[in-house]
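Working notes, beginning with the structure itself.
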Amino acid sequence: SVSCAGWVLALEPHSGRIIWKHFFPVRTRDVAELEMRSFPIVTRDLVLSTYRELIDGWRQGGRIVAVDRRSGTHRWAHRIEGWLLDWAVVGRRVLLAGSSGLLALDLDSGAQSWSVKERILEQEIELWRQLRVAGDEVQIVYGSSRQSWSLSSGRKLPVGPEIGRSVS
């Protein structure tokens, strides 16, 4: 799967033939203001992609959209507030780390499992390093700062050393 200019496409690997295509339900005045945020993540059943909606040239937020991997049918979407800095699929959770905090969604339904409103300031965004996971611990690392939460519950954990592996 590839994404560009508001489209997610599934291509036949040998011929490049389009198997299916899905256009995001854009909420902006001009498609030229649509900014794709990342390459899609492909799971066993879904293709997930994020995009940012720009309104009057200002970054206002965006969405994560899940489409069926085989048919391209829209499965779910979830609004993202602020800047999306990093995201990953870990088990049955979709983790989104951004300027307004950390959000965990259920992979199958897109329902919010938990969220943490930890505002990351603009100067800290420039120091962004990564989203990391080890066991039940999720950690965001920026500059020399770290914050940790439980993957299963979103409960804040004591800050320790950097953990696990980068998931981005």
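Tally time: how many residues in the stretch 140-168 are over 15 Å from the mean Cα position of the chain (by Cα), modelled with pLDDT of 80 or more and either open to solvent by less than 40 Å² (accessible area, probe 1.4 Å) or farther than 17 Å from Trp87 by Cα (or both)?
11
In the stretch 74-117, how many are closer than 22 Å to Phe24 by Cα and touching a helix residue (DSSP H, G or I) at 6+ places or on another chain (Cβ under 8 Å)?
Selection size over the stretch 74-117: 2.
When only residues in the stretch 1-24 that are more than 20 Å from Gly110 (Cβ to Cβ) and among the β-branched types (Val, Ile, Thr) count, which is modelled with the lowest pLDDT?
Going through the qualifying residues, I end up with Val2.
So is Arg27 in contact with a strand residue (DSSP E or B) (Cβ under 7 Å, 6 or more places away or on another chain), at pLDDT below 90, farther than 18 Å from Ala111 by Cα and not in a strand (DSSP E or B) or not?
Answer is yes for this residue.
Output the number of the condition that Asp86 fails; it satisfies all remaining conditions of (1) over 12 Å from Gly62 (Cα atoms); (2) open to solvent by 40 Å² or more (accessible area, probe 1.4 Å).
(2)
From the set of residues in the stretch 107-129 that are modelled with pLDDT of 80 or more and open to solvent by 40 Å² or more (accessible area, probe 1.4 Å), which is farthest from Arg93 (Cα to Cα)?
Residue satisfying both the conditions and the ranking: Lys117.
The values are calculated or read from the model by the stated rules, or taken from the named source; none is laboratory data. In this text the structure is predicted, and so the values were computed from the model without any measurement. Backbone-built Cβ (ideal geometry, glycine too); neighbour counts: all protein chains shown. These accessible areas exclude ligands, DNA and RNA; they are computed on the full protein's heavy atoms, side chains included. Shrake-Rupley method; radii C 1.70, N 1.55, O 1.52, S 1.80 Å.
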